[in-house]
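*Asks:* So that we are looking at the same thing, I have put the structure below in structure tokens.
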Amino acid sequence: MAQTPKPADPAVPRLGKPLKRSFFDRSVHEVAPDLIGATLLVDGVGGLIVEVEAYHHLDPAAHSFRGPTSRNRVMFGPAGFAYVYRSYGIHWCVNFVCEEEGSASAVLIRALQPTHGLAAMRRRRGLQDERALCSGPGKLCEALGITIKHNELPLDQPPLALHARTARPETIVGVRIGITKAIDLPWRYGWKGSRYLSKPF
């Protein structure tokens, strides 16, 4: 059983109420910006979500665009489950499945501000710089220990936990990163002024 998470910094806001799977059962374009400022924990390790990207099944950049496969089947619902995949054969990336069953839409978690379990994150990442621990989708998965074993797991049951934000940060919007299709869609959301973004907006 996971231990009760302890904040790395007493100045970090308290955890909000746990997010249930029903939170994700709506438009991916509503869920994505609402995740900025929420807390993601895996076995008590994690932090504040500061950057995400939305992907919709009508979007040619989405893994679900060409229909279900053995890899992306969890994207087709129901909402509130993790979709984990390997990027470029190197890094794991975690997404949160959204919308009604069959929609195949998800939010990619791009960056976190580390708040819980920094010692574990530093050990896994092999570095001390707090700003670099989770400043990218592959980095944060390594820091939180997310692998294919977390694929298809419910987001509201251990080892995963999501907590609602306790304050509404100012959000900035921009185009997504590292894709070659639908590159002009403004579906990337970030915490304005955060030091922990993967790249500036």
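*Asks:* For the range 21-191, what is the charge dipole size about the Cα centre, in debye to the nearest 20, if Lys and Arg each add +1 at the Cβ and Asp and Glu each add -1 at the Cβ?
*Replies:* Dipole about the Cα centre, nearest 20: 600 debye.
*Asks:* Nothing charged except the Cβ atoms of Lys and Arg (+1) and of Asp and Glu (-1): what's the magnitude of the dipole of the range 137-201 about its Cα centre? Round to the nearest 20 debye.
*Replies:* Approximately 260 debye in magnitude.
*Asks:* Got the relative contact order for the chain handy, in percent, Cα pairs under 8 Å and 6 or more residues apart?
*Replies:* So the answer I get is 29 percent.
*Asks:* While we're looking at this one, here's another question. Would you work out the relative contact order for the range 11-85, in percent, from Cα pairs under 8 angstrom that are 6 or more residues apart?
*Replies:* It comes to 27 percent, rounded to a whole number.
*Asks:* Enumerate lysine pairs in the range 87-201 that are 8 or more residues apart or on different chains, then count those whose Cα atoms are under 21 Å apart.
*Replies:* Taking the Cα cut-off of 21 Å, the pair count is 4.
*Asks:* Another question about this same structure. Where in the range 54-70 does the amide nitrogen come within less than 20 Å of the point 7 Å from the Cα of Asp184, taken along Cα to Cβ?
*Replies:* Of the residues in the range 54-70, 54-62 have backbone N under 20 Å from the label point off Asp184.
*Asks:* Mind listing the long-range amide H neighbours of Glu152? Cut-off is under 5 Å, sequence gap 5 or more, other chains count too, H placed in the peptide plane at 1.01 Å from N.
*Replies:* Result for Glu152 returns Ala82, Tyr83, Val84.
*Asks:* Between the range 184-201 and the range 109-124, what's the alpha-carbon centroid distance in Å?
*Replies:* A separation of 18 Å, based on Cα centres.
*Asks:* A further question follows. Each label point is 7 Å from the Cα along the Cα-to-Cβ direction; what then is the distance between the points at Arg66 and Glu152, in nm?
*Replies:* 2.2
*Asks:* Counting pairwise Cα distances across the range 70-147, what percent come out greater than 16 angstrom?
*Replies:* For the range 70-147, the share of Cα pairs beyond 16 Å comes to 52 percent.
*Asks:* Taking θ as phi - 60°, what are the ³J(HN,Hα) couplings along the range 41-52 by the Karplus curve (6.51, -1.76, 1.60), each to the nearest whole Hz, with x for Gly and Pro?
*Replies:* For the range 41-52, the Karplus-derived couplings read 10, 10, 6, x, 10, x, x, 7, 6, 10, 7, 9 Hz, x marking Gly and Pro.
*Asks:* Something else about it: Quick one: which residues, 5+ away or cross-chain, put their amide H under 5 Å from the amide H of Leu19? H built at 1.01 Å from N.
*Replies:* Answer set, sorted by chain and number: Leu162, His163, Ala164.
*Asks:* Here's another thing I want to ask about it. Of the peptides 46-58, 169-181, 186-198, how do they stack up when ordered by the mean number of other Cβ atoms within 10 Å, highest first?
*Replies:* Those peptides, ordered most packed to least, come out 46-58, 186-198, 169-181.
Bear in mind that the values in this text are calculations on the coordinates, not laboratory data. Everything quoted here is computed from the prediction, not taken from an experiment. Don't worry about glycine lacking a Cβ; one is built from the backbone with ideal geometry, like all the others, and counts go over all protein chains shown.
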